[in-house]
Amino acid sequence: MPVANTETTELAQERRIGDRIADGVRHAAHLSHEARLVTSMAKDAGEEGVHAAKRAMRRIRRHSVEALEDFTEDAAHYVKRQPFRAVGIAVGAGLLVGAVVGWIGVRLAQRQSCNS
């Protein structure tokens with residue numbers, strides 16, 4: 001009897017080990033499936049974010065174009081109604097931009113002469 005009992009115990013242990021291995025394989029397959037689902041969800045979320053960004057950029061571009069058209073129409077209307085004032089503003093802005101560019105040029109030339 002002790003021999004049969006030992007064989008039975010070894011057989012039961014082998015079954016338990018086999019069951020543990022099968023459980024481990026099933027668990028690994030489940031984790032693999034879950035990983036694929038998470039990857040798919042992340043990919044979908046990324047694609048959705050890209051589409052949302054594209055829609056936002058189209059909306060911004062459309063609004064910017066409309067605002068620029070409005071500004072252009074308003075400027076043309078202002079120039080037609082007050083041409084001398086518009087010319088004065090343009091001359092003043094040109095002088096201001098020229099002075100700033102000249103000042104920056106002088107500063108850069110001084111910096112380069114000091115480094116040489």
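The values are calculated or read from the model by the stated rules, or taken from the named source; none is laboratory data. The model shown is predicted, which means the values in this text are computed figures rather than measured ones. Glycine also receives a Cβ, built like all others from the backbone with ideal geometry; neighbour counts cover every protein chain displayed.
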Output for Cβ contacts, cut-off 7 Å, separation at least six or different chains, first residue part of a helix (DSSP H, G or I) in segment 81-93, second surrounded by 11 or more Cβ atoms within 10 Å (Cβ to Cβ), reads Ala86/Tyr78; Ala86/Val79
Filter pass, Ile104 being over 40 Å from the mean Cα position of the chain (by Cα) and free of Cβ contacts under 8 Å to residues at least 40 places away in the same chain
no
Whether any residue in segment 62-80 is modelled with pLDDT of 90 or more, loosely packed, with under 10 Cβ neighbours inside 10 Å, on the phi < 0 side of the Ramachandran plot and out of contact with any Pro (no Cβ under 9 Å at 6 or more places or on another chain) is what I want to check.
yes
From the options Val100, Val25, residue that is at pLDDT 95 or above, surrounded by 10 or more Cβ atoms within 10 Å (Cβ to Cβ), aliphatic (A, V, I, L, M) and part of a helix (DSSP H, G or I):
Val100
